[in-house]
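Okay, so here's the structure we're looking at.
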Amino acid sequence: MEKNDLVLSASLPDGELVVFNAGDRRSYLLNLTASEVFSRIDGAQNINEIALSIHGQYDSDIDMITRDVKILIEDFFNKRIVSHVRP
């Protein structure tokens, strides 16, 4: 999966992200969790790889992390800030 080419993002001092989709002119404020997932979308990693990298950093339950990442990625896809979602 990759970020939509028309998406710009900016970090806020508290670690949250503001994401702007120039295609539909909508802005989104991502909380810390969503920001962490969004920042790991690089076009190379799939959902499971992103969940595994977060698991390695925070040592939380992998099933819970994977479920949360899938929910966030689906939301990003629906908002058209990511494309080409693959498992």
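Data for the structure
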| item | result |
| --- | --- |
| Residue in the stretch 22-36 that is in contact with a Leu (Cβ under 8 Å, 6 or more places away or on another chain), surrounded by 16 or more Cβ atoms within 10 Å (Cβ to Cβ) and hydroxyl-bearing (S, T, Y) present | yes |
| Residue ID - farthest from P13 (Cα to Cα), chosen from residues in the stretch 78-87 that are surrounded by 13 or more Cβ atoms within 10 Å (Cβ to Cβ) and either in contact with a strand residue (DSSP E or B) (Cβ under 7 Å, 6 or more places away or on another chain) or modelled with pLDDT of 95 or more (or both) | S83 |
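Conditions (1) in contact with a helix residue (DSSP H, G or I) (Cβ under 6 Å, 6 or more places away or on another chain); (2) among the hydroxyl-bearing types (S, T, Y); (3) outside any helix (DSSP H, G or I), marked per residue:
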residue	(1), (2), (3)
L29	no, no, yes
S35	no, yes, no
F38	no, no, no
I41	no, no, yes
N48	no, no, no
I54	yes, no, no
D63	no, no, no
T66	yes, yes, no
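The values are calculated or read from the model by the stated rules, or taken from the named source; none is laboratory data. Since we're looking at a predicted model, the values are computed, not measured. Note that we place each Cβ from the backbone using ideal geometry, even for glycine, and neighbour counts take in every protein chain shown.
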